[in-house]
Amino acid sequence: MLIAVEGIDGAGKTTISSYIAELLRQRGCKVKVFKEPGESEYGKKIKNSEDRLSPEEELELFLKDREIDVKNNILPALQKGYVVVMDRYYLSNIAYQSARGIDAKLIREMNEKIAPKPDLTILLDVEPKIALERVKRRGKLSPFERLDYLRKVRKCFLENMDETTVVVDASKPLEKVKEDVKKIIDSKLKQNLD
């Protein structure tokens, strides 16, 4: 099973990805968590860039990084029977790059040619103002973290969900968010067993 945890910066993706992994291990599953952008040369270029690259260049780097992640990490783990939890996956790519003017359908098609579709996507939805306050507590803001841009990105996330997506209100206290996520995960596991 492939689970993607998505949302704007500061939504709580890393915290919830770790929580899901812990939950699944308690349920007897073997779990691997991968974070995107990854550690390939392309992922590093995205993470280390001081300024925004052009939308096309960003898209290309994300696709190349994802291709390597799929080949080296995601598919091998799935083939060995692991549940793979993605801390960001291609819905982020669709939302962040379509917010800069690239066609969302095209981004989805390009990604689905190279990456397996998630069985479940958890979209942590949070008001950008709240998200940015959380991000500021972590330190310096990245070029992706501007209020006007994150508002557009959030809108793109909500407009580009598919049938695998479940939205969780991530502005709630963390324990409540975890409770909501636990219900979703348990329901998905039950479906897979039925």
* To do: Would you mind finding the one in Gly28, Gly10 that is surrounded by fewer than 18 Cβ atoms within 10 Å (Cβ to Cβ) and among the small types (Gly, Ala, Ser)?
  => Gly28
* If you take the residues in segment 102-139 that are among the small types (Gly, Ala, Ser) and either touching a Cys at 6+ places or on another chain (Cβ under 6 Å) or modelled with pLDDT of 95 or more (or both), which one is farthest from Lys182 (Cα to Cα)? -> Ala104
* Structure fact -> When restricted to Leu61, Leu91, the only residue out of contact with any Ser or Thr (no Cβ under 7 Å at 6 or more places or on another chain), under 29 Å from Asp148 (Cα atoms) and of a type in the set (A, V, I, L, M, F, W, C) is Leu61
* Matching entry among Arg66, Arg108, Arg52 (being farther than 30 Å from Met1 by Cβ and either outside any helix (DSSP H, G or I) or within 16 Å of the chain's Cα centre (by Cα) (or both)) -> Arg52
* Residue in segment 29-38 that is of a type in the set (Lys, Arg) and under 19 Å from Ile184 (Cα atoms) present -> yes
* Under the condition of being at pLDDT 95 or above and basic (Lys, Arg), which residue from segment 173-194 is surrounded by the most Cβ atoms within 10 Å (Cβ to Cβ)? -> Lys178
* Structure fact -> By residue number, the members of segment 135-179 that are within 13 Å of Leu123 (Cα to Cα) and either touching a His at 6+ places or on another chain (Cβ under 6 Å) or of a type in the set (Asp, Glu) (or both) are Glu159, Asp162, Glu163, Asp169
* Asked: Across segment 116-162, what is the total count of residues that are β-branched (Val, Ile, Thr), closer than 21 Å to Arg66 by Cα and assigned to a helix (DSSP H, G or I)?
  -> 1
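The values are calculated or read from the model by the stated rules, or taken from the named source; none is laboratory data. In this text, all values refer to a predicted model and were calculated from it rather than measured experimentally. FYI the Cβ positions are ideal-geometry reconstructions off the backbone, even for glycines, and counts take in every protein chain you see.
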